[in-house]
Amino acid sequence: MALTLAQLADLLDAELRGDGGVTVSGLATLSDARPGEVSFLANSKYRRHLAHTAASAVILAEIDAFAAPSAVLVCANPYAAYAQAARLLYPPAPSARGVHPQAVVDPCAVIEPSAWIGPGCVIEAGVRIGAGACLGPACVIGAGVQIGAHSRLIARVTVLAGARIGLRAIVHPGVVIGGDGFGMARVDEHWEKVPQIGSVRIGDDVEIGANTTIDRGALGDTVLEDGVKIDNQVQVAHNVHIGAHSAIAGCVGISGSARIGRHCTLAGGVGLVGHLEIADHVHITGMSMVTRSIRQAGTYSAGTPLMDNRLWRRNAVRMKQLDELSNRVLKVEKIIKKNKIDK
Amino acid sequence: MALTLAQLADLLDAELRGDGGVTVSGLATLSDARPGEVSFLANSKYRRHLAHTAASAVILAEIDAFAAPSAVLVCANPYAAYAQAARLLYPPAPSARGVHPQAVVDPCAVIEPSAWIGPGCVIEAGVRIGAGACLGPACVIGAGVQIGAHSRLIARVTVLAGARIGLRAIVHPGVVIGGDGFGMARVDEHWEKVPQIGSVRIGDDVEIGANTTIDRGALGDTVLEDGVKIDNQVQVAHNVHIGAHSAIAGCVGISGSARIGRHCTLAGGVGLVGHLEIADHVHITGMSMVTRSIRQAGTYSAGTPLMDNRLWRRNAVRMKQLDELSNRVLKVEKIIKKNKIDK
Amino acid sequence: MALTLAQLADLLDAELRGDGGVTVSGLATLSDARPGEVSFLANSKYRRHLAHTAASAVILAEIDAFAAPSAVLVCANPYAAYAQAARLLYPPAPSARGVHPQAVVDPCAVIEPSAWIGPGCVIEAGVRIGAGACLGPACVIGAGVQIGAHSRLIARVTVLAGARIGLRAIVHPGVVIGGDGFGMARVDEHWEKVPQIGSVRIGDDVEIGANTTIDRGALGDTVLEDGVKIDNQVQVAHNVHIGAHSAIAGCVGISGSARIGRHCTLAGGVGLVGHLEIADHVHITGMSMVTRSIRQAGTYSAGTPLMDNRLWRRNAVRMKQLDELSNRVLKVEKIIKKNKIDK
């Protein structure tokens, strides 16, 4: 897609400084961009990369504009403007309509004529696929599932258990929605399966990364509210509830019945134990284990810092003695106090 | 499925207090249940939720029975009885029999007539599928694999390397059984692949969660004994041996040749290094790293607790100085001793 | 495949001590091996297992040769020689050629006649599949992707975004290459997707384990150089760069734009935050979180050691008080100094 800088400025609601007649047709980083491409600077810390860019224009904030050798598109939120420019310059290819002859579709499924069902898809009875939805190759959609209008299942997505997915979802390959939760009752010396009879409800504008798994509820539903964004290889257990516009980075594991507020962020590799509650606007840093509810907005962390292996081995031994060390310090303090030398 | 309370009490071996003629046909939580549904209370801590339930009956322990506003089904293990009630009220839909016309089945595969092979399945030579087994859509079953009677592969399961799966397995979507282990020999400045020539042996009544991976042995087999239960996104490396009735929660990673005893539990996100042994009845809490063998039954933990990020940053610096701090305390203690003020 | 010990010694460049006319046709561990099989000993620590082996020959180092009851194949790197013996004794089955009738191949895809496209594969427009490449069942290859000669995609592999894979790749089931990275811009109270328009470039001789995900770049490419080896369930985010011959164990998560050097190893469960640089020859031990760049070759670690749960709970409380404890020790030291008793 090609646009003049004047058109682009208008669409981005940015202030153009430079020749509005120049045509651009792509985006690239400051160092990779060639003439005819637009770049962006979202963080002043990288301002030094501006000097040598060959981009025809750079999307940036007022504070960085002086340093650009090219035309600039000045705006308040350059990263958001860059995202919008990418959507304009790289519109998704129009999807086909209809059902590929090598898809297997149950006669009791209802598929809007403007939707697309790709090759190798299996669509079971009672499924409803909304207008303009696009199912890439080899998706398996189990009985009774609903997929909202304009949702895109890229490829090899499995949706089971009568899950309902809202409008404009993007679901990446290998995702499994509606698999059984991990429910077992201990009976004598073995485990008996607890049938998982709940479902999954997913709001509008949700994105789910490759190979992520979202289990159906045991009783009642697992819920992702509107605008939730989930990265790759995230595990969402049964009856988890994730509030609107929360973002979950890769490799996070969320145990059963955890309830996460709105506008939260969980960084990569975070783990939550089950049955806890996280307030709105809570941010958890990478690889932290959350073992208790968090009632207060804020940023929370756990973990030990990286060390040279020899230093770590010495310190690790001491971690096992930390309570004892603490008691020894207390004893020393008492002696000092008793001897009245604490002045 | 509908049952009278009298029938249900009989099947659960529970004591009914209430009208045995009432019919129930579903299960729900105490707060969601409507008349005609059964609920349960497995933990007295939630007893307050009993008061307002609209359930027709509640499965619970003697100690909680007094607090229910409804009929009660009193039993020793309410959670197990609830699981059984769920199996009774929600029997799995009867599976189809035969081979879907859009499955690809090698003529040298042996499939019991009562088994089902779903659309898009690929079944290679020498495969044996037992009576009543059910392979959902798009499963790939490699040469020589054996799947025991009444096992269910939900959808998109891959089984390779001549793996043998026992009776009544439940394998969820995206699982890969029998992929190559991560075996490489360092030669000069690069890695040479070590061919993985072992297989996978899985006992009876094993359940494996979505997107879990279980590698074939390098030499000899990777083994899961009877009754092992594995959650989603677990990685089981080559030649791991998991003892009967052990349960492995989501996102656990088990390195090569680790040997886990019977009746163990690994909570979410636990990691085991290779070539270690875990005794029977060992329980590891969430996200712990296990770097040594455990010879004694018990509960083990690692990790740091969650803190406010500012506090964590101060403490994290000190973790790197912990051995030094310990030595400073020792020095202080020596001074105190030398000065004979330690009384 | 059967070989005489003389032939095997020759092919392995090993010194045979024993009867060169004996025929061997398989490999097994020291304890499992039967006559007609070869075993190996790569670590002198396990030398005691030699005594009772029934193997016809053992691949080992000079230092262990005296202890074998059988013929020996003496060499400098027994593990590498064992790997080579495995490749000789278990050659991969020759792949079929052509396109399975139940594959869906776009007429604008270019597939070398010696390549194999298995049942259920979907190959989109502009794809190029090199000579001798083998795509197992149910792979999805998106528009414009290139797969190098003699690469093997075992089954159910998804490759999108015009990714280019080099020669002799081995890609295991469930892998997703070229899915969207996790790119979002915060706009008011919600997230806007940042279109991911980069691709993935993978060098020669790369192996990628089951259910691993490798995202396409946001702008520019995600890059895996030659000889990179990746285990199962690894997450590689957008614009990561992994240097040649680095090895990444299972369950590792690498955040966006991280740059890893050559000949590095990341053990299982390691996590890297984004935008950092790791020098060549860096080794990170299991489950460590890397939050800063590493400029120096060496071995690095983080994490707390496993403890009995009761001890851990006492120590965990103290981890939250560590900075305070450190300050208390400092205060004690000052008192001692002030009182001049520090001798």
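The values are calculated or read from the model by the stated rules, or taken from the named source; none is laboratory data. Remember, it's a predicted structure, so these values are computed and weren't measured experimentally. Positions of Cβ are generated from backbone atoms using ideal geometry, with glycine treated the same way; all protein chains shown enter the neighbour counts.
When the range B:133-147 is filtered for residues that are among the hydrophobic types (A, V, I, L, M, F, W, C) and either within 14 Å of chain A (Cβ to nearest Cβ) or surrounded by fewer than 24 Cβ atoms within 10 Å (Cβ to Cβ) (or both), the ones remaining, listed by number, are B:Cys134, B:Leu135, B:Ala138, B:Cys139, B:Val140, B:Ala143. Any residue at all in the range B:148-158 that is surrounded by fewer than 23 Cβ atoms within 10 Å (Cβ to Cβ), assigned to a strand (DSSP E or B), at the interface with chain C (Cβ under 10 Å from one of its Cβ atoms) and β-branched (Val, Ile, Thr)? No, every residue in the range B:148-158 fails to be surrounded by fewer than 23 Cβ atoms within 10 Å (Cβ to Cβ), assigned to a strand (DSSP E or B), at the interface with chain C (Cβ under 10 Å from one of its Cβ atoms) and β-branched (Val, Ile, Thr).
Checking each residue in the range A:212-260 for being within 11 Å of chain B (Cβ to nearest Cβ), within 15 Å of A:Gly286 (Cα to Cα), outside any loop (DSSP other than H, G, I, E, B) and β-branched (Val, Ile, Thr) picks out only A:Ile254. Just to be sure, is A:Ile129 more than 28 Å from C:Pro119 (Cα to Cα), buried (at least 24 other Cβ atoms within 10 Å of the Cβ) and among the β-branched types (Val, Ile, Thr)? For A:Ile129, the condition - more than 28 Å from C:Pro119 (Cα to Cα), buried (at least 24 other Cβ atoms within 10 Å of the Cβ) and among the β-branched types (Val, Ile, Thr) - is not met. All of (1) out of contact with any Asp or Glu (no Cβ under 8 Å at 6 or more places or on another chain); (2) under 19 Å from A:Asp205 (Cβ atoms); (3) buried (at least 19 other Cβ atoms within 10 Å of the Cβ) hold for A:Ala85 with one exception: (2).
Only one entry of A:Gly126, A:Gly174, A:Gly118, A:Gly98 meets the criterion of being of a type outside the set (Phe, Trp, Tyr) and more than 19 Å from B:Pro137 (Cα to Cα), and that entry is A:Gly98.
One residue stands out in the range B:300-319 among those that are of a type in the set (Lys, Arg) and more than 8 Å from chain C (Cβ to nearest Cβ): the one that is surrounded by the fewest Cβ atoms within 10 Å (Cβ to Cβ), namely B:Arg310.
Residues in the range A:188-198 that are modelled with pLDDT under 95 and more than 7 Å from every other protein chain (Cβ to nearest Cβ): A:Asp188 alone. Of all the criteria given as (1) under 25 Å from B:Arg310 (Cα atoms); (2) of a type outside the set (Ser, Thr, Tyr); (3) facing chain B (nearest Cβ under 10 Å), the one not satisfied by A:Ala297 is (3). When B:Val105 is tested against (1) surrounded by 24 or more Cβ atoms within 10 Å (Cβ to Cβ); (2) closer than 26 Å to A:Glu124 by Cβ, exactly one condition is not met: (1).
One line per residue, one yes/no per condition, for (1) touching a Pro at 6+ places or on another chain (Cβ under 7 Å); (2) buried (at least 24 other Cβ atoms within 10 Å of the Cβ); (3) among the hydrophobic types (A, V, I, L, M, F, W, C); (4) farther than 17 Å from A:Arg186 by Cα:
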{"site": "B:Asp231", "(1), (2), (3), (4)": "no, yes, no, no"}
{"site": "B:His241", "(1), (2), (3), (4)": "no, no, no, yes"}
{"site": "B:Ile248", "(1), (2), (3), (4)": "no, yes, yes, no"}
{"site": "B:Cys251", "(1), (2), (3), (4)": "no, yes, yes, yes"}
{"site": "B:Ile254", "(1), (2), (3), (4)": "no, yes, yes, yes"}
{"site": "B:Gly271", "(1), (2), (3), (4)": "no, yes, no, yes"}
{"site": "B:Gly274", "(1), (2), (3), (4)": "no, no, no, yes"}
{"site": "B:Glu277", "(1), (2), (3), (4)": "no, no, no, yes"}
{"site": "B:Ile284", "(1), (2), (3), (4)": "no, yes, yes, yes"}
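Counting residues in the range C:61-79 that are over 25 Å from the mean Cα position of the chain (by Cα), buried (at least 21 other Cβ atoms within 10 Å of the Cβ) and closer than 20 Å to B:Asp221 by Cα gives zero.
What are the residues in the range A:261-283 that are among the aliphatic types (A, V, I, L, M), in a strand (DSSP E or B) and more than 14 Å from the chain's Cα centre (by Cα), if any? Matches in the range A:261-283: A:Leu272, A:Ile278, A:Val282. Those strands (runs of 3 or more DSSP E) of the range C:1-88 in which 3 or more residues are closer than 24 Å to B:Lys193 by Cβ and of a type outside the set (A, V, I, L, M) occupy C:37-40.
Residues that are assigned by TED's automatic domain parsing to the domain that holds B:Ala55, under 15 Å from B:Thr53 (Cβ atoms) and touching an Asp or Glu at 6+ places or on another chain (Cβ under 9 Å): does the range B:11-24 have at least one? Yes, the range B:11-24 contains a residue that is assigned by TED's automatic domain parsing to the domain that holds B:Ala55, under 15 Å from B:Thr53 (Cβ atoms) and touching an Asp or Glu at 6+ places or on another chain (Cβ under 9 Å).
Of all residues in the range A:320-334, one or more are surrounded by 15 or more Cβ atoms within 10 Å (Cβ to Cβ), in contact with a strand residue (DSSP E or B) (Cβ under 8 Å, 6 or more places away or on another chain) and at pLDDT 95 or above.
Please indicate, with yes or no, whether at least one residue in the range B:327-335 is in a loop (DSSP other than H, G, I, E, B) and either touching a helix residue (DSSP H, G or I) at 6+ places or on another chain (Cβ under 7 Å) or more than 19 Å from A:Leu311 (Cβ to Cβ) (or both). Taking every residue of the range B:327-335 in turn, none turns out to be in a loop (DSSP other than H, G, I, E, B) and either touching a helix residue (DSSP H, G or I) at 6+ places or on another chain (Cβ under 7 Å) or more than 19 Å from A:Leu311 (Cβ to Cβ) (or both). Please tell me if B:Gly303 is touching a residue at least 24 places away in the same chain (Cβ under 8 Å) and not in a strand (DSSP E or B). No.
Among the residues of the range A:199-211, the ones that are surrounded by fewer than 24 Cβ atoms within 10 Å (Cβ to Cβ) and either part of a strand (DSSP E or B) or more than 11 Å from chain C (Cβ to nearest Cβ) (or both) come to 4 in all. Total residues in the range A:112-125 satisfying the condition of being farther than 21 Å from C:Leu160 by Cβ, more than 12 Å from every other protein chain (Cβ to nearest Cβ) and either in contact (Cβ under 8 Å) with a residue 24 or more places away in the chain or crowded, with 23+ Cβ neighbours inside 10 Å (or both): the figure is 1. Given the condition aromatic (Phe, Trp, Tyr) and under 25 Å from the mean Cα position of the chain (by Cα), answer yes or no: does some residue in the range A:176-183 qualify? Within the range A:176-183 (the criterion being aromatic (Phe, Trp, Tyr) and under 25 Å from the mean Cα position of the chain (by Cα)), the answer is yes, since at least one residue qualifies. Look at the range C:162-179: where a residue is not assigned by TED's automatic domain parsing to the domain that holds C:Arg128, no partner that is assigned to a loop (DSSP other than H, G, I, E, B) and of a type in the set (S, T, N, Q) sits 6+ places away or on another chain with Cβ atoms under 8 Å. Would you check if B:Ala93 is without any contact (Cβ under 8 Å) to a residue 12 or more places away in the chain and part of a loop (DSSP other than H, G, I, E, B)? Taking the combined requirement at face value, the residue satisfies it. Every condition in (1) in contact (Cβ under 8 Å) with a residue 24 or more places away in the chain; (2) out of contact with any Asp or Glu (no Cβ under 7 Å at 6 or more places or on another chain); (3) more than 30 Å from B:Ala244 (Cα to Cα) holds for A:Met287 except the one numbered (1). Looking across the range C:24-47, the residues that are exposed (fewer than 13 other Cβ atoms within 10 Å of the Cβ) and modelled with pLDDT of 95 or more come down to C:Arg34, C:Pro35. Selection of the range B:159-187 for residues being more than 10 Å from chain C (Cβ to nearest Cβ), surrounded by 24 or more Cβ atoms within 10 Å (Cβ to Cβ) and not in a loop (DSSP other than H, G, I, E, B) yields B:Ile165, B:Val171. Among the residues making up the range B:113-161, those that are in contact with a Cys (Cβ under 6 Å, 6 or more places away or on another chain) and aliphatic (A, V, I, L, M) are B:Ala125, B:Leu135, B:Leu153, B:Val157.
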